[in-house]
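Visitor: My structure is below; once you've seen it, I'll send some questions.
Every number in this text was worked out from the coordinates using simple rules, so none of it is lab data. This structure is a prediction, so every number in the text was calculated from the model and none was measured. Cβ sites come from the backbone with ideal geometry, for glycine too, and all protein chains shown count toward neighbours.
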Amino acid sequence: GLDLASKVDIAAMELVFRLDQCNCQKAADLQKSGYKYARFGKYYLPEATIQMGENEHYQSWCNDGFITSTDGDMIDYVTVRDDILSLCERFQMEEVAFDPHQARMMVSELMEEGISCVEVRPLVMNFSEPMKEMEGMIRQRSIVHDGDPVFTWMLSNVVAREDAKDNVYPRKDRPENKIDGPVAHMMSLARWMLLEESPASPWEDPQYRIIA
């Protein structure tokens, strides 16, 4: 799942493995322990933004390897693209789910490489069920993760806005409270949930399945 936001702000990529689609012993062991998905996040910021005085938390996370710094004043989307291509060499990448805002050119380059890219627009109808599913799995402790502090902070910033029809959508109370990682995670969940609803899928016998 890709939430690229603006070129001067944080960009998030979520890697979501559905464990019953992974052909490895570790995934089987995690399933036996009650886990359904495994998630990992990658985050990108331009160096100029990281070095701003009010962004000490970004500086710390960058030093610890949780945020990738790109040269200059804007995020280098070539770095994001190359990371995705590198992941494709390690795993069977089923889809890249993306928000069309800021992503068009990079997505075109990925599609030229034969990678399936699916647009997930930031609409209530696309996010309500995945957000509810995410909340349920957090309560059930059925998502395994590496405990990265960037996602933990972003998750604490998510506010659920509910409409008259009980639909929910992720919001934030203040501009500095970033939620890009959870948003990208919900985009990935939306695609996996669609697969569950449509079992007659063209995906056949992969050794590894990952939706980013």
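Visitor: Calculate the spin-label point distance for V118 paired with N177, positioning each point 7 Å from the Cα along the beta-carbon direction, and give it in nanometres.
Guide: 3.0 nm
Visitor: Where does the chain land at 222 nm, in deg cm²/dmol rounded to the nearest 500, when only DSSP H runs of n ≥ 4 count, each adding -39500 (n - 2.57), divided by all residues?
Guide: -12500 deg cm²/dmol
Visitor: To the nearest 20 Debye, how big is the dipole of the chain about its Cα centre, given +1 on the beta carbon of each Lys and Arg and -1 on that of each Asp and Glu? Walk me through the numbers on the way to the answer.
Guide: On the way: 22 positive and 37 negative charges, 142 e Å.
Here the chain has a charge dipole of around 680 debye.
Visitor: Give me the one-decimal nm value for the distance between modelled label points at M111 and D64, 7 Å along each residue's Cα-to-Cβ direction.
Guide: Result: 3.9 nm between the two label points.
Visitor: Which whole-Hz couplings ³J(HN,Hα) result when phi for each residue of the range 39-44 is put into the Karplus expression 6.51 cos²θ - 1.76 cosθ + 1.60, θ = phi - 60°, listed in order with x for Gly and Pro?
Guide: Taking θ as phi minus 60°, the curve returns 10, 9, x, 10, 10, 10 Hz for the range 39-44.
Visitor: Quick check for the range 1-151: number of Lys pairs with alpha-carbon distance under 29 Å, counting only pairs 8 or more apart or on different chains?
Guide: Lysine pairs satisfying the spacing and distance rule in the range 1-151 number 8.
Visitor: Sticking with this structure for a sec: Go through F66, A103, F91 and say which Cα lies farthest out towards the positive end of the charge dipole of the range 59-124; charges sit on Cβ, +1 for Lys and Arg, -1 for Asp and Glu.
Guide: Value: A103.
Visitor: Moving on to the next point. At a temperature of 25 °C and a viscosity of 0.890 mPa s, determine how fast the range 113-185 diffuses translationally according to Stokes-Einstein, using the Kirkwood radius over alpha-carbon pairs as Rh; express D in µm²/s, rounded to the nearest whole number.
Guide: 180 µm²/s
Visitor: Now, a different point. R0 = 22 Å: FRET efficiency of E47 with R104, Cβ-based, nearest 0.05?
Guide: 0.35
Visitor: Give the average over all directions of the projected area of the C-alpha convex hull of the chain, one decimal, in nm².
Guide: Working: hull surface 48.6 nm².
The orientation-averaged projected area of the Cα hull of the chain comes to 12.2 nm².
Visitor: Another question, then. Two-decimal Rg/Rh of the range 60-125 from alpha-carbon positions, Kirkwood Rh?
Guide: Looking at the range 60-125, the ratio lands at 1.01.
Visitor: Right, next: By how many nm would the segment from T79 to E54 lengthen if fully extended, with 0.36 nm per residue of separation less the alpha-carbon distance?
Guide: Fully extending the segment from T79 to E54 adds 6.5 nm.
Visitor: Give, in nm to one decimal, the length gained when the segment between R139 and E162 is fully stretched (0.36 nm per residue of separation minus the Cα-Cα distance).
Guide: Between R139 and E162, full extension yields an extra 6.4 nm.
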